[in-house]
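For reference, the structure discussed in these notes is given below.
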Amino acid sequence: MIVKVFFYLYSIINLILLNIFLFLKKIYYKKNIIFFYNPKENLTKMHTYYMDDFLLKFDKHIVFFGGKIILFRYFYIKESLLSYIYNVDIFLSNNVCDNFTHNSKRVYLHHDIYDTPLVEKKKEKEITKRLSKYDFVILPSIKSKYIFEKTFFNVKKKPKIFYLGFYPKLNYLLKKKVIRKKINNNIIIAPTDFCAFPKLTMQPYLENLISCLIKKSYTITYRPHPSNIKEKKVLALIKKFKNTKNFKLDTKSNYFNSYSSSNLMITDISGTAYTYAFLTKNPVFFYSPNEKIIQKTYYSNLSYFKDRKKIGKVFLNTKLMIAFLKKNINNKFNKAFKVNILDIYKKHFDKLDYNIFIKIYDKK
């Protein structure tokens, strides 16, 4: 109780300070102000390093940062208090918010690189309702188009959609000059949030998959979804393999080192599959035990699922994947996918439109 009271009072103090700064900046510089806010405490650090880099390039705007976390440059403010923040021209978030700064243009910057399903099917109406509160949605490219067209299909007042032409996180990582040397037989396993997609997750098969791979002398880096890090299933899996020589755990906010030192990713339906492929030019194996669900729903029309075989392979079970790995995992195999990966990247994620917020601000 005392802790909650402290953070609420701390949030109030930050609210007052932020309003003072916003007022003074508005008067003195006479520029448009962007306020970037992240409502999810456990995900904020996953986005700060590249969002700071991305937003601070917009020198025609003044940028402020906020969230439910004590962090350099970020004002700690609870989401329920956002409506008491004034003098913000553009409210921006890359996780869905339900509250916004006073009288601002509301902009959602999609944090996924592809048209990965937003939520499981039973929650689709809820996410549509929440996203419809925004005035604008910014997508990395037209590869995300279909899922949002479907989301807003029956919505009368739809957000205006803009395409950025690049993915901020990927762009940040590609600029890093030092690429770690890839280690042969080093596989990174990065599942999606199994709470969000319980029917499509690979979580129930992970223990057996990791055991089989380690027995075949592969080095495994397990990177659980940040939303699941404290889940009992994840903690039990970590405990099971923590003393195993060829098992590594990666929970860092920046996955650059673990991605760039591997030569293969295994995932289920996580959007990180395409970020990994474009960053490393390595293939991705999609573990899909319930592939029938995908093929019998609108999911089969999504670019995410259509393009899986362009950047890797789809497997229905552990046995098939292990058998294929034994015969095919080598540099020659990896190079076979590099052409497709580069082709998709150059066509859809290499344009860098830094006038996007001017377009939004001027849009009536």
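Where a number appears in this text, it was derived from the coordinates with a stated rule and is not lab data. Bear in mind the structure is a predicted one, so any value in this text is a computation, not a measurement. Here the Cβ is made from the backbone with ideal geometry for all residues, glycine too, and neighbour counts use every protein chain on show.
Where Rh denotes the Kirkwood radius from the mean inverse Cα pair distance, what is Rg over Rh for segment 180-348? Mind dumping the intermediate values first?
Values: Rg = 15.1 Å, Rh = 16.2 Å.
Looking at segment 180-348, the ratio lands at 0.93.
How do ARG130, ARG73, ARG308, ARG223 line up, fewest other C-beta atoms within 10 Å first?
On the way: ARG130 15, ARG73 11, ARG308 19, ARG223 23.
Neighbour counts put them in this order, fewest first: ARG73, ARG130, ARG308, ARG223.
Determine the relative contact order of segment 180-348: mean sequence separation of Cα pairs under 8 Å and six or more apart, normalised by residue count, in whole percent. Don't skip to the end; give the middle numbers.
Working: 247 pairs, mean separation 42.2, N = 169.
Relative contact order of segment 180-348: 25 percent.
Give the angle, between 0 and 90 degrees and rounded to the nearest 10, that separates the Cα long axis of helix 206-215 from the longest principal axis of the Cα atoms of the chain.
For helix 206-215, the angle is close to 50 degrees.
I need ILE62, ILE356 ordered by Cβ neighbour count within 10 Å, fewest first. It would help to have the intermediate numbers written out before the result.
Working: ILE62 21, ILE356 18.
Ordered from fewest to most neighbouring Cβ atoms within 10 Å, ILE62, ILE356 come out as ILE356, ILE62.
Can you give the Rg and Dmax of segment 227-315 based on its C-alpha atoms, in angstrom?
So, for segment 227-315, Rg and Dmax equal 14.8, 42 Å respectively.
Helix 318-328 against the longest principal axis of the chain: what's the angle in degrees, Cα atoms only, rounded to the nearest 10?
Between the helix axis and the principal axis of the chain, the angle is about 70 degrees.
Once you have the alpha carbon radius of gyration of the chain, what is it after dividing by 2.2 N^0.38 Å, with N set to its residue count?
On the way: Rg = 21.4 Å, N = 364, 2.2 N^0.38 = 20.7 Å.
The reported ratio for this selection is 1.03.
Using a Gaussian network model of the chain with C-alpha springs under 10 Å, which one of MET51, MET202, MET265 is most mobile by mean-square fluctuation?
Result for the chain, Cα springs under 10 Å: MET51 fluctuates most.
Tilt of helix 44-55 relative to the longest C-alpha principal axis of the chain, in degrees (0 to 90, nearest 10)?
Tilt of helix 44-55: around 60 degrees.
For segment 99-197, build the convex hull from the C-alpha positions and give me its volume per residue in Å³. Numbers along the way, then the final one.
Details: hull volume 14.7 nm³, N = 99.
Considering the Cα atoms of segment 99-197, their hull volume per residue is 149 Å³.
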